[in-house]
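The values are calculated or read from the model by the stated rules, or taken from the named source; none is laboratory data. Nothing here was measured: the structure is a model prediction, and the numbers come from that model. When we count neighbours, we look across all protein chains shown, and the Cβ atoms used for this are built from the backbone with ideal geometry, even at glycine. When the accessible area is computed, the model is the full protein with side chains, heavy atoms only, and any ligands, DNA or RNA have been set aside. Shrake-Rupley method; radii C 1.70, N 1.55, O 1.52, S 1.80 Å.
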Amino acid sequence: MPDPRLRLEYDGPIATITNDNVEKRNAFDDDMDLALFEALGELKERKDVRAVIWRGEGKAWSSGRDIPMSHHELMSRGHRGILQVFEIEAPIIVPIQGWAIGGSFQRALLCDIRIAAEDAKFMLPEVGHGVIPDTGGMGRLYQMCGHGIVSDMVLTGRSLNAQEALGYGIVSRVVPNDELDAVAREMAEKIAASPAVTVKLARRVIRHLSEQDIRTSMADELIYQTFINKSDDFAEFRAARAEGREPNYTGS
């Protein structure tokens, strides 16, 4: 049975993916991940789709992934699943309200266009949990913002509001919350009305400018995250948290 918390719907040439796990602020668990990857796989085969909107119900686009950090195989599956966005011919527009956090924020970064509601907020809190961002977000933010901002967001967990994200090029527009879906739809309709081959090839040129660096970054993330999960410091991080004491890190 499809997971009702992740919907894929079609309206003419426009497809809409909806995160609908409102009780958990649209956090993704393993079943939602699988439903997302299935939806992206379906979209790869739909040549009649000219634009995709990936939206969220409720007050948050997605508060991250409700999945404990796990082993290499699970991470590899996650990378394969989300990298399908590069294989879909239709551009993907992501209208974001409320929080976009962690792995979910990184997934949005891999899409073509992000627009923000006025209350949107963005955060990569992984280092505070003893791990690193592992879904391409560091590479994409480096391309968008440069060394200083990505270092601040990753190493301190700093959050950005909508206007800050606009200033750094993470989103291309900020709109009132009650206009977010309508603006995303208007953008999708404009893309869908353009010649299909022109849109496809323009997107391919833009993708080729950045895709290889993102794939290289994600390959590094996969290796380093696997190492971190087996490291002495990560074991100490977890033990100190469980025992309510200060950690003693050795850097290994």
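A compact table of results
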item	result
Residue in the stretch 41-49 that is assigned to a loop (DSSP other than H, G, I, E, B), crowded, with 21+ Cβ neighbours inside 10 Å and either without any contact (Cβ under 8 Å) to a residue 40 or more places away in the chain or touching a strand residue (DSSP E or B) at 6+ places or on another chain (Cβ under 9 Å) (or both) present	no
Search result, residues across the stretch 92-110 that are more than 16 Å from Leu166 (Cα to Cα) and open to solvent by 10 Å² or more (accessible area, probe 1.4 Å)	Ile101
Residue match in the stretch 224-245 (condition: of a type in the set (Ser, Thr, Tyr) and part of a helix (DSSP H, G or I))	yes
Tally, over the stretch 169-187, of residues that are over 17 Å from the mean Cα position of the chain (by Cα) and assigned to a loop (DSSP other than H, G, I, E, B)	1
Complete set of residues in the stretch 118-140 that are surrounded by fewer than 23 Cβ atoms within 10 Å (Cβ to Cβ) and under 24 Å from Asp178 (Cα atoms)	Glu118, Asp119, Lys121, Met123
Long-range neighbours under 8 Å by Cβ, at least six apart or interchain, first residue farther than 17 Å from Glu38 by Cα within the stretch 2-23, second β-branched (Val, Ile, Thr)	Pro13/Val49; Ile14/Val49; Ile14/Val52; Ile14/Ile53
Elements of type strands (runs of 3 or more DSSP E) contained in the stretch 69-141, each with 2 or more residues being closer than 19 Å to Arg55 by Cβ, out of contact with any Pro (no Cβ under 8 Å at 6 or more places or on another chain) and touching a residue at least 60 places away in the same chain (Cβ under 8 Å)	92-96
Failed condition for Thr18, given (1) out of contact with any Ser or Thr (no Cβ under 9 Å at 6 or more places or on another chain); (2) open to solvent by 10 Å² or more (accessible area, probe 1.4 Å); (3) not charged (D, E, K, R)	(2)
Every residue from the stretch 227-252 that is within 20 Å of Met75 (Cα to Cα) and hydroxyl-bearing (Ser, Thr, Tyr)	Ser231
Number of positions in the stretch 180-204 that are in contact (Cβ under 8 Å) with a residue 12 or more places away in the chain and within 28 Å of Cys145 (Cα to Cα)	11
Check on Ile223, open to solvent by 80 Å² or more (accessible area, probe 1.4 Å), under 19 Å from the mean Cα position of the chain (by Cα) and not charged (D, E, K, R)	no
Residue within the stretch 212-226 that is of a type in the set (Lys, Arg) and without any contact (Cβ under 8 Å) to a residue 12 or more places away in the chain present	no
Members of the stretch 188-208 found to be of a type outside the set (A, V, I, L, M), in a helix (DSSP H, G or I) and open to solvent by 50 Å² or more (accessible area, probe 1.4 Å), listed by number	Glu189, Lys190, Thr198, Lys200, Arg204, Arg207, His208
